[in-house]
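Undergrad: A single structure is presented below for examination.
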Amino acid sequence: MGTRRDIGHPEGPGNKWARELGPFLTLGLQLAITVVIFFLLGRWLDGKFGTSPWGMLVGLAIGIIGGFIRFFRTAIEIGNKSDAEGKKDETEG
């Protein structure tokens, strides 16, 4: 059982949930930022070359596809890491 002192400690019970959920909380933000950046890039290209709305649509499509690819790769990586840590704990315990 942890004491009140353990809460601020990196291995204390107060930080366990943050370590486990932190990477998942950033996935949505990464996806949104990717989509917005490519959308704005397409919009800028439309203004530069007068191709509206095609640049925005292509930028949006690239942002969505690229964002989801990155999202799933990161989620799989986090899951594999979690599985490896679980197997390590089982062999030690």
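Values in this text are rule-based calculations from the coordinates and carry no lab data. The structure displayed is predicted, hence computed values, not measured ones. Methodologically, a virtual Cβ is constructed for each residue, glycine included, from the backbone with ideal geometry; neighbour enumeration extends over all protein chains shown.
Undergrad: Could you run the Debye sum over the Cα atoms of the stretch 19-92, one equal point scatterer each and no solvent, and tell me log10 of I(q)/I(0) at q = 0.26 Å⁻¹, two decimals?
TA: Results for the stretch 19-92 at q = 0.26 Å⁻¹ read -1.03.
Undergrad: What is the calculated FRET efficiency for Ile64 to Asp89, with r their C-beta to C-beta distance and R₀ = 41 Å, to the nearest 0.05?
TA: Numbers: r = 37 Å, r/R0 = 0.91.
The pair Ile64/Asp89 has a calculated efficiency of 0.65.
Undergrad: Given a Förster distance of 35 angstrom, what is the FRET efficiency for Leu57 paired with Asn15, based on the Cβ-Cβ distance and rounded to 0.05?
TA: Details: r = 44 Å, r/R0 = 1.25.
About 0.20, to the nearest 0.05.
Undergrad: So what is the relative contact order for the stretch 19-92, in percent, with contacts set as C-alpha pairs under 8 Å and at least six apart? Intermediate results must be reported in sequence, preceding the final value.
TA: Details: 62 pairs, mean separation 23.8, N = 74.
RCO, the stretch 19-92: 32 percent.
Undergrad: Among Leu45, Gly79, Pro23, pick out the residue whose Cα is farthest towards the positive end of the charge dipole of the stretch 19-92, where Lys and Arg carry +1 and Asp and Glu carry -1 on C-beta, about the Cα centre.
TA: The one lying farthest along the dipole's positive direction is Leu45.
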